[in-house]
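Peer 1: Can you keep this structure in mind? I'll have questions shortly.
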Amino acid sequence: MSAMLLNKEKWPEFVGKLTGKKIWAPQGEGQEMRFAPLDEGDAPALEYGNTRVPPKQALFPQTETLFRFQLGREDVEVPELEEEVVLLGVRPCDARSMAIVDNLFSWEEDDPYYFKRRELVTLVGLACSEPGLNCFCTSVGGGPASTEGLDLLMTDLGEHYLLEAVTEKGESLLKEAGDLLEEADDDKVKEKEQLIEESKGAIKRSLDTEGIPEGLPGLWEDPLWQRVSASCLGCGTCTYLCPTCHCFDIQDEVEGFAARRCRMWDSCMFGEYTLHTSGHNPRPTRRERTRNRINHKYSYFVDKFDVIACVGCGRCVNLCPVNIDIVEILKQVKEAL
Amino acid sequence: MKTNENPYIPYYATLEDTWFETGGERAIKTFKVVFDDEEVRKNWSHSPGQCAMIGVLGVGESMISISCSPTEGEFLRFSVMKMGKVTQALHQLEAGDKMTVRGPYGNSFPLDEWEGKHILTIGGGIGQAPMRPVVEYVKANYEKYGGLTMIYGARTSGDLCFKNEFEEMTRDDDLSCHLTIDIEEEQWDHNVGFVPQVLLDVNPSPENTIAVTCGPPIMIRFVLENLKKLGFEDDQIYTTLENRMKCGIGKCGRCNAGNMYVCKDGPVFNYATLKEIPEAFA
């Protein structure tokens, strides 16, 4: 389908057409924004940089029930997932992170919870016209209008949104919107392309990743790991807020006789993550944990799935309480190679 | 219970028999279990070296190596040291109780490739659990292999697992079975000394031999050193790793040693591969 135009005056109507689906959109203010279910009748304002928490929770909730059971009884009940969700205004980096994480959750065996949600979720993206201070998507294979992982891409052209379907799901959204849309002429498409070029030019941070995936494991004992992790508090913010971080813990929760087995986000920056019951810990300090985090994203994941598990969203840089900066770490890696 | 489509839902298995291998605060208890569901029982197939997630609903699960060979029958055996929350709950189970089991997980020892070769196993403490299936498998298919040498040690005779069956093996002339304890004890008529030293004393020939080792990290380090002294090449040596695990299916992330997930790429590793992974012996 060709590119379509939506006059912003018709935006609330467009959102209103998405009946029967739960709409998630960025809500809150400034740095505090996060994706959350929208009240019926609301039309989200899409003027924002990016959410503090990535929308990965739509596919991989922070805590998710695997099954419920009663203590002493044998049958277990798996929650039915059936609500269709539309994520409105997802930044291309975050959508791309989902395409990247798909690799892991489908590796040899599908994760049924993740892929059920993947089926139920439609991703409507919003191209970035004003990159954030620490964005570096273009250094790791993405871009301000990357469509990877998205079903539909929107670009803000002032009075209008330019809408481009990426998948069948995206096309059917456009069909549903029908008469609200008009066909975009070449000028509008060119306007978008120019906007994106300017946006790319406005990205201030960059990184040359060549040689890093192959070279990283060879820097195992390099003093750089001590240096870059010395100020780390081990708070885990970098991993919780990372759109590609996907590690989880599994725990049983019991209240009276009612119980559930659930999984929840975990972080490789915590000591307990790898702690053996014997007390032995293969990654005893923040040096080893930082080394693993960087190696996992920039080398191990590349080995297995041929893509860097970082989308350059800049969250870990923006929100680290002690200003640890992954771009700077990788620059030091590059120098040490 | 429906299971197959959802890898997180365990099967139920009933304890047919259970006994203590060792005593004390960190006792090791063996569970012999049979799946409740006949279909599961029929479809289940595991190979020596593989693990399973066993547990108690409401408490949790732990990854434990399957300590029996499929040649022994339609049951599973797990030998579990009482260490944390889940293993304590498992230790409270008695014959007739149920545990949950899912798996089998991971790769296995390439016993088909090893046909015609002499098999040498070197184990320490609870590290013998993943090697017992190798020993049992080779015993059951003895004509296919060039012989079996087993070296197994623990701190004291009270810390040795599977003691009765192994003592019987020491009396079998076909097998070369060597038990050892760290410190001299009365009425102990086997070896005294650390496992790596007993390995040197037994002095097995590397020719057409596969060495498999599992035990405490410090033991493995010296066993590897001594195997090299005896002339073993890296690709003749196998070991099995363990790391903290939650999912068992390569998703939860934590069990990696370098770029290898122990639950999928392991737990069995050839030493030639393993020595390239900087984190493997961390």
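The values are calculated or read from the model by the stated rules, or taken from the named source; none is laboratory data. Note that the coordinates shown come from a computational prediction; the quantities given were computed from them, not determined experimentally. Methodologically, a virtual Cβ is constructed for each residue, glycine included, from the backbone with ideal geometry; neighbour enumeration extends over all protein chains shown.
Here's the yes/no breakdown for (1) on the phi > 0 side of the Ramachandran plot; (2) modelled with pLDDT under 95; (3) touching a Ser or Thr at 6+ places or on another chain (Cβ under 7 Å):
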| site | (1), (2), (3) |
| --- | --- |
| A:E159 | no, yes, no |
| A:L162 | no, no, yes |
| A:A165 | no, no, no |
| A:L173 | no, yes, yes |
| A:D179 | no, yes, no |
| A:E183 | no, yes, yes |
| A:V189 | no, yes, no |
| A:L195 | no, no, yes |
| A:K200 | no, no, yes |
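Peer 1: Name the one entry in A:D249, A:D151 that is of a type in the set (D, E) and within 14 Å of another protein chain (Cβ to nearest Cβ).
Peer 2: Going through A:D249, A:D151 in turn, the sole match is A:D249.
Peer 1: Name the pairs whose Cβ atoms lie under 6 Å apart, with the first residue in the stretch A:50-75 and assigned to a loop (DSSP other than H, G, I, E, B), the second of a type in the set (G, A, S) and at pLDDT 95 or above, and 6 or more positions between them or separate chains?
Peer 2: Listed by first residue and then by second, the contacts come to A:L71/A:A259; A:L71/B:G58.
Peer 1: Of the conditions (1) away from chain B (no Cβ under 14 Å); (2) without any contact (Cβ under 8 Å) to a residue 60 or more places away in the chain; (3) surrounded by 12 or more Cβ atoms within 10 Å (Cβ to Cβ); (4) of a type outside the set (V, I, T), A:P223 satisfies every one except a single condition; which number is it?
Peer 2: A:P223 satisfies every listed condition except (3).
Peer 1: Identify all residues within the stretch A:76-91 that are away from every other protein chain (no Cβ under 14 Å) and assigned to a strand (DSSP E or B); write none if there are none.
Peer 2: Once the filter is applied, which keeps residues that are away from every other protein chain (no Cβ under 14 Å) and assigned to a strand (DSSP E or B), the stretch A:76-91 yields A:V85, A:V86, A:L87, A:L88, A:G89, A:V90.
Peer 1: To continue, here is another question. List every residue pair whose Cβ atoms sit under 6 Å apart, with the two residues 6 or more apart in sequence or on different chains, where the first one lies in the stretch A:143-157 and is touching a residue at least 12 places away in the same chain (Cβ under 8 Å) and the second, anywhere, is among the acidic types (D, E).
Peer 2: Listed pairs, sorted by first residue: A:L153/A:E164; A:L157/A:E191.
Peer 1: Can you pull out the residues in the stretch A:113-160 that are among the charged types (D, E, K, R) and under 20 Å from A:E197 (Cβ atoms)?
Peer 2: Correct list: A:E130, A:E148, A:D156.
Peer 1: Can I ask one more? Taking the condition of being touching a residue at least 40 places away in the same chain (Cβ under 8 Å) and within 14 Å of chain A (Cβ to nearest Cβ), how many residues in the stretch B:5-26 meet it?
Peer 2: Number satisfying all stated conditions: 10.
Peer 1: Pick from A:A25, A:A45, A:A36: which is without any contact (Cβ under 8 Å) to a residue 24 or more places away in the chain and within 15 Å of A:V85 (Cβ to Cβ)?
Peer 2: After applying the criteria, what remains is A:A36.
Peer 1: Inspect all residues belonging to the stretch A:76-88 and state whether any of them is buried (at least 16 other Cβ atoms within 10 Å of the Cβ), within 27 Å of B:T100 (Cβ to Cβ), out of contact with any helix residue (DSSP H, G or I) (no Cβ under 9 Å at 6 or more places or on another chain) and at pLDDT 90 or above.
Peer 2: The answer is yes; a qualifying residue exists.
Peer 1: Take the stretch A:140-199 and flag every residue that is surrounded by fewer than 17 Cβ atoms within 10 Å (Cβ to Cβ) and in a strand (DSSP E or B).
Peer 2: A:E182, A:E183
Peer 1: Is there any pair with a first residue in the stretch A:187-212 that is closer than 12 Å to A:S129 by Cβ and a second that is of a type in the set (S, T, Y) whose Cβ atoms are under 6 Å apart and which are 6 or more apart or on different chains, and what are they?
Peer 2: A:K192/A:T155; A:L195/A:S129; A:S199/A:S129; A:K200/A:T138; A:I203/A:T138
Here is a yes/no grid of residues against (1) closer than 22 Å to B:D159 by Cβ; (2) not assigned by TED's automatic domain parsing to the domain that holds B:K144:
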site: B:W188; (1), (2): yes, no
site: B:N191; (1), (2): yes, no
site: B:F194; (1), (2): yes, no
site: B:L199; (1), (2): yes, no
site: B:E225; (1), (2): no, no
site: B:D235; (1), (2): no, no
site: B:M245; (1), (2): no, yes
site: B:G248; (1), (2): no, yes
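Peer 1: Just give me the residues in the stretch B:44-85 being within 14 Å of chain A (Cβ to nearest Cβ) and assigned to a loop (DSSP other than H, G, I, E, B), in sequence order.
Peer 2: If the condition is that a residue be within 14 Å of chain A (Cβ to nearest Cβ) and assigned to a loop (DSSP other than H, G, I, E, B), then B:L57, B:G58, B:V59, B:K82, B:M83, B:G84 are the ones that fit.
Peer 1: Residue by residue through the stretch A:269-281, note down the ones that are part of a loop (DSSP other than H, G, I, E, B) and within 7 Å of chain B (Cβ to nearest Cβ).
Peer 2: Filtering the stretch A:269-281 down to residues part of a loop (DSSP other than H, G, I, E, B) leaves A:269-270, A:274-281.
Residues satisfying the conditions are A:T274, A:L275, A:H276, A:T277, A:S278.
Peer 1: Condition (residue is within 14 Å of chain A (Cβ to nearest Cβ) and either farther than 30 Å from A:S106 by Cβ or free of Cβ contacts under 8 Å to residues at least 12 places away in the same chain (or both)) applied to the stretch B:220-238: is it met by at least one residue?
Peer 2: Yes.
Peer 1: Quick one: is A:R263 more than 29 Å from B:I9 (Cβ to Cβ) and either at the interface with chain B (Cβ under 10 Å from one of its Cβ atoms) or not in a loop (DSSP other than H, G, I, E, B) (or both)?
Peer 2: no
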